[in-house]
Amino acid sequence: MCGIVAYLGHRHAYPILMNGLYRLEYRGYDSAGIAILNDELKVYKTKGKVSDLEAHIKGKDLSGTVGIAHTRWATHGEPNDINAHPHISPSGNMAIIHNGIIENYGSLKEELIRRGYVFLSNTDTEVIIHLIEDIKINEGVALEEAVRMALAQVIGAYAIVVISRASPSKLIAARKGSPLVIGIGNNEFFVASDATPIVEYTKNVVYLGDEEIAVLELDTELKIRTIKNQEKTPYIEKLEMNLTELEKGGYEHFMLKEIFEQPRSIQDSLRGRLNVQKGIVYLGGMGDYEQKLVNAKRIVIVACGTSWHAGLVGEYLLEDLARVNVEVEYASEFRYRNPVVTEKDIIIAISQSGETADTLAAIELAKRKGATILGICNVVGSSIARATQAGSFTHAGPEIGVASTKAFTAQVTILTMLALMIAERKGTISKSRYYQLIHELEKIPEKVKKTLELNEKIKELARKFVSATNFLYLGRGINFPVALEGALKLKEISYIHAEGYPAAEMKHGPIALIDKEMPVVVVATNKELYDKVLSNIQEVKARNGIIIAIVTEGDTAVAKMADYVIEVPDTEEPFMPLITTIPLQLLSYHIAVMRGCNVDQPRNLAKSVTVE
Ligand code: AGP
């Protein structure tokens, strides 16, 4: 998704803006641009990477203490220099950067063309800055009022920052549906799509709310108004993250760093919630809804991508342990299929970024139907965190790699505790079973650390499959969502086609694909279904398939049949996904690196899909 960075203060804007764009690269983009005001409004932009922009503007006059910068993930208009942001107004005296989609830009553009305006790009963004200037000239109002009046005509999602030669000590920021964070320094302001470009300058931030407009002006307190022209008092919060979390810490890629952070991130998800000595599992963020959760007849989980896979693990956990009916819905389908949702339902929205448009829309739909809305998010202050009535933060720390890893295991950790918390209150598991599970849960970070020791072995295995063109991932029971997640990891960073399937389902079609060219990863750690998994493996071997088996340490039966075996530490069945996911993350990572793929920023992908 697009990245926004802006600065207004006493320092040179250029290095702050470029540093900010580099920090936002993980969001995914295909062009970049910058505008700096220093009497003249200088705009430079180019297709490609931030480094291409840097090369493009080398040697140019980049002085100035106020500016805006942007990385664009193309929606309207192909990725090229013209469609890159910032876009300028007809007079050339204003510039805008934008993240989101303006749904009625066509009709607005037609009206502006009718009034004689000419457009250079195919973007919806250029329409906004033309509209703002048209209003400013015809109504003779202040910049912030022109922005407000223009946005009142706009339908869609936006996060924008506007700069103007006529107001050199002012920036106007506004949002609806796309995130914006404002950093407040000592007579200086920072604006960005998330906190990562801000944290090294200030920890005082304001998360702009939907339909809010921020007026940033030198020597003046931050002012916020709504689109409906009501004044809002800015709520200043302290950032939790720190700079070191944003660096690679010696790893070649953020993704590898985040895979290896999982013992710590799972520990952080457990912290303050699991107390084995007292025999307590308690998600404080959902505490006010504990009784509702215990009495719930149905829980609907809405999410996308990897978060949807975590939700599927949650279904197995909640139904098996807490005996509550769970449905896991793709948010993008749920929001449009007129689902049956009542005030008796509990919706749990799962999102790493907290900004996924489809998940946000699913929440709003369920809210309108009276359901209770809880969230499991990784980003404090994110739109989804703010849209839910309560919930739990995963505390996995900033996840920079586009492919989600530590956020997935952190989400599953929260769902595991939720299932245990409800099961213990409802008595759907015996006390002895409950104590057995919480003692084992406490050991998971250590067992994940031990699993990570397989890294070199998995790297060697990856070498054998660098040229593969298709993979099949099979799993049964609670390992079925792990198979789906393993397949997604491989395809999204190595571009190798991969499918996840319930192991037994293979006979209903995919078995036709099996031959000696088809590597089949089987997550074969199941206890109850072990014999069934064995027969699935035999079915693959009988057709010359290549088996890569993930088994628990000491397994012999599967090991005899498989071509390659990865032994992971044993644990209780419900916690297996927290272990079996790790080798699949590493396998995907190493194959993608060996294929020369951009592991942290895979082609076409964005870290946070803030448009539908
Ligand atoms: C996962 O590796 C992908 N990056 C993607 O599927 C992601 O999980 C999905 O877009 C949902 O994002 P969210 O968790 O931030 O809502």
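Values as computed for the structure displayed
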| item | result |
| --- | --- |
| Relative contact order for segment 549-608, counting Cα pairs under 8 Å that sit 6 or more residues apart, in percent | 23 percent |
| Per DSSP, loop trypsin sites (Lys or Arg not before Pro) in segment 328-363 with at most 11 further Cβ within 10 Å | Arg337 |
| Angstrom value of the Kirkwood radius, inverse mean 1/r, which spans all Cα pairs in the chain | 25.4 Å |
| Protection-proxy order for peptides 165-174, 356-365, each taking the mean of Cβ atoms within 10 Å per residue, highest first | 356-365, 165-174 |
| Footprinting exposure proxy for Cys377, Cys2 (fewest neighbouring C-beta atoms within 10 Å first) | Cys2, Cys377 |
| Exposure proxy order (Cβ contacts within 10 Å, fewest to most) of Ser91, Ser404 | Ser91, Ser404 |
| Of the trypsin sites (Lys or Arg not before Pro) in segment 54-96, those whose Cβ has at most 14 other Cβ within 10 Å and which sit in DSSP loop | Lys58, Lys60 |
| Sorted largest first, extent of segment 222-268 alpha carbons per principal axis (Å) | 48, 23, 17 |
| Gyration tensor verdict on segment 12-127 (Cα atoms; rounded if a/c is under 1.5, prolate if a/b is larger than b/c, oblate otherwise) | oblate |
| Filtered GluC sites (Glu not before Pro), segment 1-106: DSSP coil and at most 14 other beta carbons within 10 Å | Glu103 |
| Whole-number percent relative contact order across the chain, with pairs defined as alpha carbons under 8 Å at least 6 apart | 12 percent |
| Neighbour-count order for Arg23, Arg298, Arg175, fewest beta carbons within 10 angstrom listed first | Arg298, Arg23, Arg175 |
| Highest to lowest packing among 9-15, 601-607, scored as the average C-beta count within 10 Å | 601-607, 9-15 |
| Candidate lysines - alpha carbon under 30 Å from Lys238, same-chain residues fewer than 8 apart omitted | Lys170, Lys176, Lys203, Lys223, Lys228, Lys248, Lys257, Lys367, Lys406, Lys607 |
| Charge dipole magnitude, Cβ of K and R +1, D and E -1 - the chain, Cα centre, debye nearest 20 | 600 debye |
| Mean separation of Cα contacts under 8 Å (6+ apart) over length of segment 30-80, as relative contact order % | 47 percent |
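No lab work stands behind these numbers, since they all come straight from the coordinates. For clarity, every value in this text was computed on a predicted model and none was experimentally measured. With ideal geometry, Cβ positions are generated from the backbone for all residues, glycine too; neighbour counts draw on all protein chains shown.
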